[in-house]
Each structure stands twice: as structure tokens, then as C-alpha cells.
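Asker: Submitted below is the structure of interest, expressed as C-alpha cells.
Every number in this text was worked out from the coordinates using simple rules, so none of it is lab data. Because the structure is a prediction, the values reported are computed rather than measured. Cβ placement follows ideal geometry from the backbone for every residue including glycine, while neighbour counts extend to all protein chains displayed.
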Amino acid sequence: MNEIDETLLKSIVEDENILSFFPSFKDWGKRKELNSKDLIEKYLNVDFTNLFLLHLVPYESFYLREDQMMETGGDNPVQVLYNDFDFRVELDKARVMSADHIGVELEFMYKLCEAEYKAIEDGEFKIAAEIAEIEYNFLKEHILEWAPMFLLNVKSEAGTAFYFDAAELALEFMMSDFEYLTALKNNGYDYNA
């Protein structure tokens, strides 16, 4: 939802484990030639603007509506779902036009994962299973219906190795998370299976 800043870039570059998820970026010549500030200003911010603000449309409704219009009102199915779970989106702070932006949808999944993890830690396996089912349904009915196509477009249009790798990482994570949730569902949400 936002451009990368020096703090985040530093945390990626200085942690070999995290950097390993960005293999093209790790070997990208510009990363090695420029300091962080110049890399961000001359390449990463330009690519972010091109990909997410000018060229591609990171909204579910654009991909799923026949007229390719964005659903920005309260009738947006994603917004209705968020309301059901008391998940509030501050569109102005997030700098998005609608709640079905890929960044907001992934943030919602993150919050669900956090809640599931806490329930497991607390031994509340029934609650964890209910949350996992919400995650499964949200991935299946929303994110996986459009985000893979969007992320493939990001990979195709990326002007930097960073955003190419970020799109690949997001795509791989979504697919592996769905595989995990499908297996969990098939096992009756039994966390000990």
C-alpha cells in the first residue's frame, strides 16, 4: 500500500533469511551500486508508482466485475465481510480508494492469522478452527479469484528486481497458505493431525 522506506529496506538487506526470499533483488546490480536512499528514490519509488498507482489496478472489484469498474461503496462484498468481523479500513491512511485493495485484503488475512495463532497458543482449538475456516473461505472466494492474475501482471511489468520478487513471494505465500488451509479443512481442522 505504501512505498518502501529505508528502515524496511535495511531490515530486508541486513537479514540473510529475509533477503533469501528476494533472490533477484539480492543479485540486482543497482542494489549493490547505490545507497539505500538513492535506490529508493531513483528506482523503487518510481516502480511502485508505476505498478500500483498508474499502470495496474490492485482492486478485486476491477478484476471480478464484468464492467471492470471498482466498487468503492458500502455494497462492496469485501467491505461487507470486513464489517461482519469489525475490521475497519481507514482508506485515507491506507491511501487506497476501496477496501478490496490487495494490500487491505492481505492485511485482513494477516489479522486473521494472528487471531488463529493466539487461539492456538491459548489452547482454544475450536476458535482457531473457526478462524481458519474464515481464512480458507476468504482466500478461496476473494483473494485467489483475482490476486494471482494481478501478481503475475506485477511480475511482468516490474521495473525492479525488488517488486518482481515481492510479487513472486506474495503469490507463493498465498498458494502455500491455501494448500495448508485446505489440508487443515480436510482433516476437520484438527491441529494435531
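Asker: If one takes the longest principal axis of the Cα atoms in the chain, at what angle in degrees, from 0 to 90 and to the nearest 10, does the Cα axis of helix 161-186 lie?
Answerer: Between the helix axis and the principal axis of the chain, the angle is about 10 degrees.
Asker: Moving on. Got the relative contact order for the chain handy, in percent, Cα pairs under 8 Å and 6 or more residues apart?
Answerer: 25 percent
Asker: If you don't mind, another one. Step through the table entries 37/93; 42/93; 10/185; 42/140, compare each Cα-Cα distance with 30 Å, and write down the pairs that go over it.
Answerer: Violating the 30 Å limit, Cα to Cα: 10/185; 42/140.
Asker: Shifting gears a bit: Just to confirm the number: angle between the C-alpha axis of helix 144-157 and the first principal axis of the chain, 0 to 90 degrees, nearest 10?
Answerer: 10 degrees
Asker: Which net charge results for the neighbourhood of residue 184, defined as the other residues with beta-carbon distances under 14 angstrom from its beta-carbon, given Lys and Arg at +1 and Asp and Glu at -1?
Answerer: Charge balance near residue 184 sits at -4.
Asker: Using alpha carbon centroids, what distance separates segment 10-62 and segment 116-132, in Å?
Answerer: If you average the Cα positions of each part, the centres end up 35 Å apart.
Asker: While we're looking at this one, here's another question. Using a cut-off of 10 Å between beta-carbons, work out the net charge of the residues near residue 30 (Lys and Arg +1, Asp and Glu -1, residue 30 not included).
Answerer: Once positives and negatives cancel, what remains is +1.
Asker: Of the residues 48, 150, 21, which exhibits the maximal mean-square fluctuation in a Gaussian network model of the chain defined by a 10 Å Cα contact cut-off?
Answerer: Comparing 48, 150, 21 in the GNM, the peak value goes to 21.
Asker: Let me check I have the definition right: for segment 6-186, take the eigenvalues of the Cα gyration tensor, multiply each by 5, take square roots. What are those semi-axes in whole Å, largest first?
Answerer: The three semi-axes for segment 6-186 are 30, 22, 15 Å.
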